[in-house]
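The values are calculated or read from the model by the stated rules, or taken from the named source; none is laboratory data. Every value quoted in this text rests on a predicted model; they were computed, and no experiment measured them. A quick note on method: Cβ atoms are made from the backbone with ideal geometry, for glycine too, and the neighbour counts reach across all protein chains shown.
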Amino acid sequence: QLALIELINSKTNGVVDISLEQSLARQLVDVNRLYRQSALRLGDAGMASVLEDLERTLIEISNSPSQLSSTEFAEIRRRIDTDNTLFKVKVVGSQVRAKERDVARELAGKRS
């Protein structure tokens, strides 16, 4: 989520350097893929779908040139906005945190 926010909020005067965001995106692709596969195994198709969309976005960022023109950068931003990628990631993050709280409460109840 933070990587997408940083990318979207980058300044666009002239050439935009996304090398830091690319490095982070490359690291996140593998982690995201593991989460997506886990979601599929657990039968959570909605979560898997969002993670698949996120994976495509991360791969696109990773494979883009490090230096983008304002137009190229605006196109990446537009796709992220059009696909509602950031919104979907926020929703999934909320769902994951809620599940973690539920599990923690359940475990705490079993210990009592």
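Scanning segment 44-68 for residues that are over 11 Å from Ile18 (Cβ atoms) and hydroxyl-bearing (Ser, Thr, Tyr) returns Ser49, Thr57.
Hey, which of the helices (runs of 4 or more DSSP H) in segment 1-104, taking only ones fully inside, have at least 2 residues that are modelled with pLDDT of 85 or more?
Those helices (runs of 4 or more DSSP H) span 19-41, 45-63, 70-82.
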